[in-house]
1. Report the residues of the range 165-180 in range of a label on Tyr144: point 7 Å along Cα→C-beta, backbone N strictly under 16 Å from it.
2. Residue separation times 0.36 nm, minus the C-alpha to C-alpha distance between Arg330 and Ser299: what's the value?
3. Quote the accessible area belonging to Glu237 in square angstrom, nearest 10, computed with a 1.4 Å probe and with ligands, DNA and RNA left uncounted.
4. Could you pull out which residues in the range 36-50 have an amide N less than 18 Å from a spot 7 Å beyond the Cα of Ser59, following the Cα-Cβ vector?
5. Could you order Lys331, Lys154 so the one with the most accessible surface comes first? Probe is 1.4 Å.
6. Could you list, in their original order, any pairs among Lys266/Lys333; Lys300/Lys353; Lys135/Lys241; Lys178/Lys345; Lys300/Lys348 whose Cα atoms are separated by more than 25 Å?
7. Within the range 137-151, what residues put their amide N at less than 15 Å from the label point 7 Å along the Cα-to-Cβ vector of Arg160?
8. Work through the residues other than Leu151 whose Cβ is under 12 Å from its Cβ and net out their charges, Lys, Arg +1 and Asp, Glu -1.
Amino acid sequence: MAMIIRPVTMKMTMMIMKNHYDNNHHNRVLNPSRLVSAQKLVGEFHPKIPIEKAKTPPSSWYTDPSFYALELDSVFYRGWQAVGYTEQIQHTGEFFTGRIGEVEFVVCRDDNGKVNGFHNVCRHHASLLAAGTGKSNSCFVCPYHGWTYGLDGKLLKATRITGIQNFNVNEFGLIPLKVAMWGPFVLLNIDKQMTHHQEVDGDSVASEWLSSCSEILSLNGVDSSLSFLCRREYTIECNWKVFCDNYLDGGYHVPYAHKGLASGLKLDSYSTTIFQKVSIQRCEGGCTESKDDFDRLGSKALYAFIYPNFMINRYGPWMDTNLVIPLGPRKCKVVFDYFIEPSLKDDKAFIEKSLEDSERVQV
């Protein structure tokens, strides 16, 4: 399975990157030396090679700084990216922060109930405004010089600027980012070619992010009815694609690397279907021997990889998501968010055992 799944995903990645590079590289931020190096690496990719004849990608795609810079520019700085979940901003004043490549962002719900996304950077001396998740008292205050911004991004207060000429407070609000929601997820688009005044259409966002898989995921229990439970984060010393490669060959390595997990699945039922931007793996759950046996996987499992770095795992009463955040050519952070059906959110014994099993799979 790995020999099929991995080249398909890399092929999709490289075709998109190659197209963006050929058409837009003169408008982007890569320096000339990195452009030359990245162009050489992209030139090594031949999209017309049949999958059956595809080779493992060269190590330079996982280690070369110029290739990493090109990935950020052509993949992560374009299109919709999953960044969080809707429960994080359910009430007025709630916010969460994060990072896409080198871009720090903050997402919040303002006093009018609108969800906004901004660059998480003060317009004065570029200090980070907010950290983590939480609830703001209707504003963000820069910890460096006290500049204050409303949750709608407007600059409310700039300290010690009395007498400064040609300073227009309306020109120094936070830089906005496009934000959208699909099901329980919050998405951002930091593409500079998208103007802030463009209206975000939910159907077009779903189509761009999920292509034809929106209905498939909804019909398989990926929706807002689940309750958020907890988060786990892992910093890993590897290129972000290594984690994705591992995820995508699930039916190949699970019998050997995760024997406990494999015992709860009917691996002969494992199937993989590849769509334009989504790969969906399915597997039936194993039957328990008695009614007292612990069973977190249920009768079937669905594992969806959404290009380029987001994974949704739906099984039994559980859903967990994996967001892979690149931190450099050889480092990434993986964020696991766990959701459960509301009827079981108070079953502490079941939840504890389930999380223990999940943690065992990760390590």
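1. Under 16 Å, as judged by backbone N against the label point of Tyr144, lie 172-175 of the range 165-180.
2. 7.4 nm
3. Only protein atoms counted, so the area is about 140 Å².
4. Within reach of a label on Ser59, which here means backbone N under 18 Å from a point 7 Å along Cα→Cβ, the range 36-50 contributes 41.
5. Highest to lowest solvent-accessible surface, that is Lys154, Lys331.
6. Those over the limit are Lys266/Lys333; Lys135/Lys241; Lys178/Lys345.
7. 142-148
8. Values: positive: Arg109, Lys114, Lys135, Lys154; negative: Glu94, Asp110, Asp111, Asp152.
Local net charge: 0.
The values are calculated or read from the model by the stated rules, or taken from the named source; none is laboratory data. Given the structure is predicted, the values throughout are model-derived calculations rather than measurements. Here Cβ is always computed from backbone atoms with ideal geometry, including for glycine, and neighbour counts include all displayed protein chains. When the accessible area is computed, the model is the full protein with side chains, heavy atoms only, and any ligands, DNA or RNA have been set aside. Shrake-Rupley method; radii C 1.70, N 1.55, O 1.52, S 1.80 Å.
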